[in-house]
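> Before I ask anything, let me first share the structure, which is written out below as structure tokens.
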Amino acid sequence: MLLIASISGCDDSISSPSGGASGTPTQNDLTQGQQIGNAVSGNQSFDNASGGPGFGSPQDTSQFGAASFTSDSLAKIDTDGDPSEQGYDKTWNAQTSGQIDGQPVNSADYAYVVMSQGQMAASGAQIGDWALVTNNETGQSMWARVEDVGPPGGTGEISEACATGVGIQFQSNSNTIGNPSVTVQVY
């Protein structure tokens, strides 16, 4: 299966969240976004150790301070926005809360995390904020964005691209292979 990632923006909100954590991606972000799309499609290997995390990475992580939200839980794969998952994932939805060029964010192409409305309200997180996702078994980490709103109390939901980026394998029905756990820190 050949996937082509076309990413030209990450956040269509009018204002930036408090602290300026979100914002318009740089050209470096866009380039790295294409790299993760290529890695997910099998067109190139993904080497997280070389600093190629997900859809880019923040220019200056010192701006964040402490994470506004942290969760340790079993990884769950969110396939929303990926048209190839329709009919395979029983909770699949064509839409995501975040959009790129007015279109839903595709789970297969974009490293993102899901938060509930309650979690977002309690932490002050917004669509487009940065999140650091770590595979607790392997220590592999990558930067992602908050791009979908999920069920109350839901934790550990990450996109297909994010799961691939941190070394988590999964099936078409969105079930993970084994019981991998992740730490999600939102800034």
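The values are calculated or read from the model by the stated rules, or taken from the named source; none is laboratory data. Note that the structure is a prediction, hence the values are computed from the model and not measured. Positions of Cβ are backbone-derived with ideal geometry, glycine not excepted, and every protein chain shown enters the neighbour counts. To get the accessible areas, we keep the full protein, side chains included, count just its heavy atoms, and leave off ligands, DNA and RNA. Shrake-Rupley method; radii C 1.70, N 1.55, O 1.52, S 1.80 Å.
> Would you mind getting the Kirkwood hydrodynamic radius of segment 57-166 from its Cα pairs, rounded to one decimal in Å?
14.1 Å
> How much accessible area per residue does segment 53-123 have, counting only protein heavy atoms and a probe of 1.4 Å, in square angstrom?
47 Å²
> Explain nothing, just compute: Karplus ³J(HN,Hα) = 6.51 cos²θ - 1.76 cosθ + 1.60, θ = phi - 60°, for every residue of segment 62-67 in order, whole Hz, x for Gly and Pro.
Karplus values, whole Hz, x for Gly and Pro: 5, 5, 7, x, 6, 5.
> According to a simple spin-label model (label point 7 Å from Cα along Cα-to-Cβ), what is the distance in nm between residue 175 and residue 101?
3.6 nm
> Could you rank 143, 130 by how accessible they are, 1.4 Å probe, largest area first?
Largest accessible area first, the residues go 143, 130.
> Which FRET efficiency value, to the nearest 0.05, do you get for residue 62 and residue 122 by plugging their Cβ-Cβ distance into 1/(1 + (r/R0)^6) with R0 = 30 Å?
About 0.80, to the nearest 0.05.
> What percentages, rounded to whole numbers, describe P(r) for segment 75-123 computed over all alpha carbon pairs with 5 Å bin width beginning at zero?
For segment 75-123, the pair-distance distribution reads 5, 21, 27, 23, 17, 6, 1.
> Under a 1.4 angstrom probe, counting protein chains only, how are 177, 100 ranked by accessible area, largest first?
Highest to lowest solvent-accessible surface, that is 177, 100.
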